[in-house]
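Down below is the structure, laid out as structure tokens.
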Amino acid sequence: MTDFTHLSTRSGTQSPTEGLLDRFAALRVLSMDVDGVLTDGTIIYSDSGEEIKAFNVKDGLGIRLLLEAGIPVCLITGRSSKALRHRCKNLGISFVYDGISNKKSVLDRICADTGSLPEAIAFIGDDLPDLSMKGSVGLFIAVADAHEALRETADWVTTARGGRGAVREICEAILKAKGLWLKNPWLSP
């Protein structure tokens, strides 16, 4: 049996309901905001005006494991950034929707691009603009340090903060729910 004792639900209990595990297992696509989810929300500008972002390598490995398992990852962000483009190229993320103010507006495009239905998509958010995805996807997830409005309405809240392992936590949960975790190259015999 798969161990899900590390997962926490909105109510803070240590083991999610069977229904929540079934929803994780049914996911075919992971989508997320960038600033505050894939990063800690900090944006640094150099003297020349170049934007610098810091990404967590553990989150990156989680994304790679999902991609290697055939689960597409989509990024939806209100900003455009060269740093993000470099990170996506490094990780092999093909689906990047940037400059998007209303994230729900790209849901049909994500479905078409990935061949998935909205109920097979999870979305990870951290702040008010992400609320538009609530009720439009199969699983709405908030990072631990998300705005209160997201934490209160999310189907699941991570124990890790954005940019500090939250994405990795979710990637592992998806892989474990699908019975794919032990098939990754570092754990398989």
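The values are calculated or read from the model by the stated rules, or taken from the named source; none is laboratory data. Keep in mind that this is a model prediction, so the values were computed, not measured. Every residue, glycine as well, gets a Cβ built from its backbone with ideal geometry; the counts of neighbours run over all protein chains shown. With ligands, DNA and RNA removed, areas are computed over all heavy atoms of the protein, side chains included. Shrake-Rupley method; radii C 1.70, N 1.55, O 1.52, S 1.80 Å.
One table, with the values for the structure above:
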item	result
Bins of 10 Å from zero: percent of alpha-carbon pairs in the stretch 30-150	13, 47, 35, 5, 0
Beta bridges per DSSP with both ends in the chain, % antiparallel, nearest 5	15
Percent of Cα pairs exceeding the 18 Å cut-off, where the set is the stretch 142-189	39
Distance between modelled label sites at R85 and D98, nm, 7 Å Cα→Cβ extension	0.6
Heavy-atom surface of the chain, accessible at 1.4 Å and reported per residue (Å²)	48
Percent of C-alpha pairs per 10 Å bin, the stretch 105-150, short to long	29, 51, 19, 1
Anchor K176: lysines whose Cα lies under 25 Å away (excluding residues fewer than 8 positions away in-chain)	K58, K134
Carbon and sulfur %, accessible surface of the stretch 59-109 computed with the full protein complex present, 1.4 Å	46
Among A25, L139, G99 - extreme Cα towards positive end, dipole of the chain, charges at beta-carbon	A25
Gained length - A112 relative to D47, 0.36 nm times residue gap less alpha-carbon distance	19.3 nm
Degrees separating the helix 82-91 axis from the principal Cα axis of the chain, which is the longest one	30
Computed over the stretch 23-74, Kirkwood Rh from alpha-carbon pairs, angstrom	12.7
Accessible heavy-atom area order of I170, I52, highest first, probe of 1.4 Å	I52, I170
Degrees separating the helix 166-177 axis from the principal Cα axis of the chain, which is the longest one	30
Fraction in percent of alpha-carbon pairs per bin - 5 Å, the stretch 62-133	3, 15, 26, 26, 22, 8, 0
Cβ charges +1 (Lys, Arg) and -1 (Asp, Glu), total dipole of the chain, debye	460
